[in-house]
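The values are calculated or read from the model by the stated rules, or taken from the named source; none is laboratory data. Not measured: the values here are computed from a predicted model. Here the Cβ positions follow ideal geometry from the backbone for every residue, glycine too, while neighbour counts run over all protein chains shown.
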């Protein structure tokens, strides 16, 4: 009788995507994608200001292909309450983990309109 023994050597969890600080306008939509790999396949948890986001309420989706997991945080109709420090936390069952943090800042359309008006007035005065 022959036996085949397969040994899986755990691979540390690594987040493959680079998340960076983002400035968006009120009521816009922003999708953040976090890709992580590891053996065993990691799980991804999103947090905002240190609190875990509910996947259903926060519109979070996950897809796994091989040893890579992709998670998307889809924020629609952004409000000032959506501003904050977000994290993509990837970890697996053997305790390996990795984290990517970023800050989401909202710019009001009113502020953008005022800036546009000031620029127009400044340019207009320069030509007169």
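Just for strands (runs of 3 or more DSSP E) wholly inside segment 11-128: which have at least 2 residues that are touching a helix residue (DSSP H, G or I) at 6+ places or on another chain (Cβ under 8 Å) and modelled with pLDDT of 95 or more?
Values: elements: 11-15, 22-25, 30-39, 43-48, 60-65, 68-75, 84-91, 97-107.
Result: 97-107.
Residues are listed down the side, and each one gets a yes or a no for (1) closer than 17 Å to residue 102 by Cα; (2) over 16 Å from the mean Cα position of the chain (by Cα); (3) surrounded by 13 or more Cβ atoms within 10 Å (Cβ to Cβ):
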residue: 26; (1), (2), (3): no, yes, yes
residue: 44; (1), (2), (3): yes, no, yes
residue: 50; (1), (2), (3): yes, no, no
residue: 56; (1), (2), (3): no, no, no
residue: 74; (1), (2), (3): yes, no, yes
residue: 78; (1), (2), (3): yes, no, yes
residue: 81; (1), (2), (3): yes, yes, no
residue: 87; (1), (2), (3): yes, no, yes
Given the conditions (1) out of contact with any strand residue (DSSP E or B) (no Cβ under 7 Å at 6 or more places or on another chain); (2) over 30 Å from residue 9 (Cβ atoms); (3) touching a residue at least 12 places away in the same chain (Cβ under 8 Å), which single one is not true for residue 40? (2)
Identify, from the list 11, 21, 74, 49, the residue that is at positive phi and in contact with a strand residue (DSSP E or B) (Cβ under 6 Å, 6 or more places away or on another chain). 49
